[in-house]
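Notes to accompany the following structure.
The values are calculated or read from the model by the stated rules, or taken from the named source; none is laboratory data. Just so we're clear, the structure is a prediction, and the values are computed from it rather than from any experiment. Heads up, the Cβs are rebuilt from the backbone with ideal geometry, glycines too, and the neighbour counts pull from every protein chain shown. The protein model used for the area step is the full one, side chains on, heavy atoms only, and it has no ligands, DNA or RNA in it. Shrake-Rupley method; radii C 1.70, N 1.55, O 1.52, S 1.80 Å.
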Amino acid sequence: MDFLHFDPKDGVIPARAPVQRFLSDLESNFADRAAYRARLNENPLIYRVTSIEDYSGAGQLHYGLGVLMPGKIGREYFMTKGHLHTWRPAAEVYIGLRGRGLMVLEDERTGECRVTPLEANTVVYVPGWTAHRTVNIGEEPLVYWGIFPCEAGHDYDAIGERNFRIVVIEKDGAPLVMERSAFLRELEAQAL
Ligand code: MN
């Protein structure tokens, strides 16, 4: 289809059904295992993506409308699984529509990590070979578009096993970016 209505507030494309990811779908995402288990009964919705994959073949695009709910598991903000593209050279453009978020980017080849804002009136370019994840650091849903080559494909496993090198946690009411290893040491020390 060449034309669709969407709602930038609720992050809905009325004509299409989203994929929903609940906490139980994000087994390896969150660093604080005890906090993760404590919320499993409740199993909150973490995010939805409505994917539009109507065209395929050389030069065509796929795109999706994402909605990431506000909330935290322990001190870590709600986030998407994150992925690399199966076809590693494939880049992606993210366009923020609503809410206050961050994108965590990690270059698979160099290991370089960076964090960019994702919110209304921002656009983020994700180059090829770069694992990407969105994080909601606000109090309302984070709504955004992602637009990418149809050949990209989603590889969740490559990043899933070791996870991103950095985490985004809340400290004194504000987001703080830190090394996962340092955060894990903090959690261990607290557990003793
Ligand atoms: Mn992507």
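Against the longest principal axis of the chain, how steep is helix 180-191, in degrees 0 to 90 to the nearest 10, with axes from Cα atoms?
For 180-191 against the chain, the angle is about 40 degrees.
Taking 0.36 nm per intervening residue step and subtracting the Cα-Cα distance, what contour gain separates Arg88 from Glu151 on full extension?
Going from the current span to full extension adds 21.7 nm.
Tally Lys and Arg at +1 and Asp and Glu at -1 over the other residues with C-beta under 13 Å from the C-beta of Gly111: what net charge comes out? The partial results should precede the final answer.
On the way: positive: Arg109, Arg114, Arg162, Arg165, Arg180; negative: Glu106, Asp107, Glu108, Glu112, Glu179.
Cβ neighbours under 13 Å give a net charge of 0.
Rounded, prolate or oblate: which one fits region 80-171, using the alpha carbon gyration tensor with axes a ≥ b ≥ c (rounded when a/c is under 1.5, else prolate when a/b beats b/c, else oblate)?
Numbers: a/c = 1.95, a/b = 1.28, b/c = 1.52.
Oblate is the answer for region 80-171, as a/c is 1.5 or above yet b/c matches or exceeds a/b.
Which percent of the accessible area of region 19-164 is formed by carbon and sulfur heavy atoms (probe 1.4 angstrom)?
Working: 3260 of 6430 Å².
On region 19-164, the fraction of accessible area on carbon and sulfur atoms equals 51 percent.
Hey, what's the per residue convex hull volume over the C-alpha atoms of the chain, in cubic angstrom?
Values: hull volume 22.4 nm³, N = 192.
Once divided by residue count, the hull of the chain is 117 Å³.
To the nearest 20 Debye, how big is the dipole of the chain about its Cα centre, given +1 on the beta carbon of each Lys and Arg and -1 on that of each Asp and Glu? Mind dumping the intermediate values first?
Working: 21 positive and 27 negative charges, 68 e Å.
Here the size comes out at about 320 debye.
Among residues other than Glu76 whose Cβ falls under 13 Å from its Cβ, what is the net charge (Lys/Arg +1, Asp/Glu -1)? Could you put the intermediate results ahead of the total?
Details: positive: Arg33, Arg39, Lys72, Arg75, Arg133, Lys171, Arg180; negative: Asp32, Glu170, Glu186.
Residues near Glu76 contribute +4 overall.
Pick from His132, His83, His154 the residue whose mean-square fluctuation is largest in a GNM of the chain, springs joining Cα atoms under 10 Å.
Of His132, His83, His154, the most mobile in the Gaussian network model is His154.
Tell me what the chain gives for mean residue ellipticity at 222 nm when only DSSP H runs of n ≥ 4 count, each as -39,500 (n - 2.57), the sum divided by the residue total, rounded to 500 deg cm²/dmol.
Working: 3 runs with 22 residues, N = 192.
Helix-only estimate at 222 nm: -3000 deg cm²/dmol.
Taking springs between alpha-carbon atoms closer than 10 angstrom, which of Leu84, Leu40, Leu118 fluctuates most in the Gaussian network model of the chain?
Leu40
Please get the size of the charge dipole for region 1-74, origin at its Cα centre, with Cβ charges of +1 on Lys and Arg and -1 on Asp and Glu, quoted in debye to the nearest 20.
Dipole of region 1-74, to the nearest 20 debye: 360 debye.
Could you tell me the distance between the Cα centroids of region 51-123 and region 133-192, to the nearest Å?
Between the Cα centre of region 51-123 and that of region 133-192, the gap is 11 Å.
Pick from Lys72, Lys171, Lys81: which is most flexible by mean-square fluctuation in a GNM of the chain where alpha carbon atoms under 10 Å apart are linked?
Lys171
Which order do Met178, Met1, Met103 take when ranked by solvent-accessible area (1.4 Å probe, heavy atoms of all protein chains), largest first?
On the way: Met178 35, Met1 115, Met103 0 Å².
Correct descending sequence by accessible area is Met1, Met178, Met103.
If a/c stays under 1.5 just call it rounded; otherwise compare a/b with b/c (prolate if a/b is bigger, oblate if not). Do that for region 1-73, with a ≥ b ≥ c from the square roots of the Cα gyration tensor eigenvalues.
Details: a/c = 3.46, a/b = 2.14, b/c = 1.61.
Judged from the Cα gyration tensor, region 1-73 comes out prolate (a/c at least 1.5, a/b above b/c).
For a label point 7 Å from the Cα of Leu40 along Cα→C-beta, name the residues of region 131-175 whose backbone N is under 20 Å from it.
160-163, by backbone N distance to the label point.
Along Cα→Cβ, 7 Å out, is where each label goes; now give me the distance between the ones at Val49 and Gln190 in nm to one decimal.
Label at Val49, label at Gln190, 2.9 nm between them.
Taking a probe of 1.4 Å, how large is the accessible area per residue of the chain, in Å²? Mind showing how you got there, number by number?
Details: 9670 Å² over 192 residues.
So the chain comes to 50 Å² accessible per residue, rounded to a whole number.
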